1. Name, by its number, the condition in (1) over 12 Å from the mean Cα position of the chain (by Cα); (2) at pLDDT 90 or above that does not hold for residue 52.
2. Select from the stretch 1-24 the residues that are in contact with a strand residue (DSSP E or B) (Cβ under 8 Å, 6 or more places away or on another chain) and modelled with pLDDT of 85 or more and write down the one among them that is farthest from residue 74 (Cα to Cα).
3. Of all residues in the stretch 55-74 being surrounded by fewer than 20 Cβ atoms within 10 Å (Cβ to Cβ) and assigned to a loop (DSSP other than H, G, I, E, B), which is nearest to the chain's Cα centre (by Cα)?
4. Filter the stretch 31-54 for residues that are under 13 Å from residue 20 (Cβ atoms) and buried (at least 20 other Cβ atoms within 10 Å of the Cβ) and give the result.
């Protein structure tokens, strides 16, 4: 089991991006703000997706360079789907 104690802060980078706000969720004062969803890929690298009051952030290189990633999309779709049910 990976050590999850060091995931409280996203990594800082000179390429850091603004949070990605996707439609379907009100981020301001949401009870899930601050929650973190860790992902471990097949190479053993762990990325953390988290919700902030302005949208989603992720520690992966895709989000760092492009401002969006599959980790954010996966978590967002699951949350929006559960809210609609």
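The values are calculated or read from the model by the stated rules, or taken from the named source; none is laboratory data. This is a predicted model, so every value here is computed, not measured. As a convention, Cβ positions derive from the backbone with ideal geometry for all residues, glycine included, and neighbour counts pool all protein chains shown.
1. The number of the failed condition is (1).
2. 18
3. By that ranking, first place goes to 68.
4. Of everything in the stretch 31-54, those that are under 13 Å from residue 20 (Cβ atoms) and buried (at least 20 other Cβ atoms within 10 Å of the Cβ) turn out to be 49, 50, 51.
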